[in-house]
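Asks: Just dropping this structure here.
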Amino acid sequence: MSSPGSDGGSSTEVPPPTLLKAVRERLSAEPLSLVCLRCGFTRTTTPGRYGAEGGSRCRLCRGSLSAVLSPKRTDEIARLSRYAQAKWRAGRSAVPEGRRRRRPRAPPVPENAVRAGYTSAELVAHFGERALYALAARGVGPETARRLLQRLYRNDDEFLTEILRAERHYARTRSFWD
């Protein structure tokens with residue numbers, strides 16, 4: 001019979017405080033791109049600087065929904081930014097007197113990219129800095145972050161333990177993703 005936690009998947013396994021501190025420091029220094037879903041303005045921040053930089057509010061339009069992406073995903077950032085800019089321009093165009101305003105058409109962007117952007121933006125709007133820590137983790141996307149954030153944690157160490165567990169799960173199953 002094996003001891004509890006020997007397979008790495010035991011739910012009672014608690015990482016040492018030094019490991020949790022290292023995870024917190026790594027995640028707080030992880031760069032993230034915030035894309036405003038109202039005007040398309042993009043900025044880079046880290047979970048550690050997030051609060052000091054004004055949170056998720058856009059510096060250009062003061063919008064509160066900002067999608068969170070890895071800066072390495074430049075194509076997806078550019079597409080999401082163009083999508084938001086087209087919506088912004090279409091919504092702000094002047095309508096001649098007596099004419100009905102047409103519904104603005106958004107540029108074609110893969111549905112999954114837009115959905116993931118809105119999901120991450122809603123998580124940041126609702127959970128704040130904690131959502132950024134979850135989204136900064138390796139292999140944790142918006143859906144996994146939502147699942148992690150919906151649970152109740154007694155303290156930040158329990159939350160970081162779950163993030164670490166999700167990262168380990170991703171590392172184990174990464175070869176099966178593509």
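Taken together, the values in this text are just the output of simple stated rules run on the coordinates, not laboratory data. Remember, predicted model here, so these are calculated numbers, not experimental data.
Asks: With all pairs of different alpha carbon atoms counted, what Kirkwood hydrodynamic radius in Å does the range 124-178 show? Could you put the intermediate results ahead of the total?
Replies: Numbers: mean 1/r = 0.0871 Å⁻¹.
That comes to 11.5 Å for the range 124-178.
Asks: While we're here: Could you run the Karplus curve 6.51 cos²θ - 1.76 cosθ + 1.60 with θ = phi - 60° over the range 129-134 and give me ³J(HN,Hα) per residue in whole Hz, x for Gly and Pro?
Replies: Ordered by residue, 3J(HN,Hα) equals 4, 4, 5, 5, 4, 5 Hz.
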